[in-house]
1. Identify the residue in the range 79-99 that is charged (D, E, K, R) and part of a loop (DSSP other than H, G, I, E, B) and, among all such residues, is most open to solvent (accessible area, probe 1.4 Å).
2. Just one of the numbered conditions (1) touching a residue at least 12 places away in the same chain (Cβ under 8 Å); (2) among the aliphatic types (A, V, I, L, M); (3) under 19 Å from ILE72 (Cα atoms) is not true of VAL104; which one?
3. Would you mention how many residues in the range 57-78 are more than 19 Å from the chain's Cα centre (by Cα), open to solvent by 70 Å² or more (accessible area, probe 1.4 Å) and without any contact (Cβ under 8 Å) to a residue 60 or more places away in the chain?
4. Just to verify a result, which residue in the range 36-58, among those that are under 20 Å from ILE82 (Cα atoms) and among the β-branched types (Val, Ile, Thr), is modelled with the lowest pLDDT?
5. Pick from the range 136-178 the residues that are at pLDDT 90 or above and β-branched (Val, Ile, Thr): which of them is farthest from the chain's Cα centre (by Cα)?
6. Counting just the residues of the range 16-35 that are open to solvent by less than 100 Å² (accessible area, probe 1.4 Å) and at pLDDT 75 or above, which one comes out farthest from ILE164 (Cα to Cα)?
7. So is TYR52 part of a loop (DSSP other than H, G, I, E, B) and in contact with a helix residue (DSSP H, G or I) (Cβ under 8 Å, 6 or more places away or on another chain) or not?
Amino acid sequence: FVGLLLFTSYGIVLGLLSFIIMFYLLLQWGERALSLAAITTFPILIVVVWLYGTIAALGYGLNMVTVAIAAISLGVGIDYVIHVVERFREERSRGLDVLPALSVVGAASGVALVGSALSDITGFIVISRSSMGFFSSFGLFSALMIGLSLIASLILTPAALRIISSFEKSTIEGLESE
């Protein structure tokens, strides 16, 4: 009992200390990094909502596979979004206005992302043809997750960049300077 009490209180102290340090670092980074983090995280959180909605609509429940896929979608989807945001920042630093920069992102990076996503989706569709239940649902939901991540990165991310640029010109300038 004493060991559990010490372990629990140690964990609470460590958690609070970690929170204070992370909060301090967040304040030190400032609003620019926070807005960039929001732009890159928002579309992927929407993907997780879409994914769980589709899983529920298809009649699947929460299990090891569906929970793991949602966690994996954060890692996979954020790469697509970061690619779009970084290309946007690159085009803005070259002097393009917001809409031309978004057009270049869609024309150049969009083609690369679609090709990458289609090859990944194809591989996971092959896995979904497995006769083993967990592998089959893993392949199906992974393919769905990659497709949703592609949609989010090519539609929601440019929309978020455009909306933020219309409200706060300083945010986009901050994105360019980082």
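The values are calculated or read from the model by the stated rules, or taken from the named source; none is laboratory data. Being a predicted model, the structure only gives us computed values, none of them experimental. As a convention, Cβ positions derive from the backbone with ideal geometry for all residues, glycine included, and neighbour counts pool all protein chains shown. Surface areas here come from the heavy atoms of the whole protein model, side chains and all, with no ligands, DNA or RNA. Shrake-Rupley method; radii C 1.70, N 1.55, O 1.52, S 1.80 Å.
1. Here is the first cut: in the range 79-99, the residues charged (D, E, K, R) are 79, 86-87, 89-92, 94, 97.
Subsequent filtering for residues that are part of a loop (DSSP other than H, G, I, E, B) retains 94, 97.
Working: ARG94: 156, ASP97: 105 Å².
It comes out as ARG94.
2. Status for VAL104: all satisfied but (3).
3. Selection size over the range 57-78: 3.
4. Restricting to residues being under 20 Å from ILE82 (Cα atoms) and among the β-branched types (Val, Ile, Thr), the top hit is ILE39.
5. Only one residue tops the list, namely ILE155.
6. Initially, the range 16-35 is screened for residues open to solvent by less than 100 Å² (accessible area, probe 1.4 Å), giving 17-18, 21, 25-26, 30, 33-35.
Narrowing further to those that are at pLDDT 75 or above: 17-18, 21, 25.
Values: LEU17: 33, SER18: 31, ILE21: 29, LEU25: 24 Å.
My answer is LEU17.
7. Values: part of a loop (DSSP other than H, G, I, E, B): no; in contact with a helix residue (DSSP H, G or I) (Cβ under 8 Å, 6 or more places away or on another chain): yes.
It is false that TYR52 is part of a loop (DSSP other than H, G, I, E, B) and in contact with a helix residue (DSSP H, G or I) (Cβ under 8 Å, 6 or more places away or on another chain).
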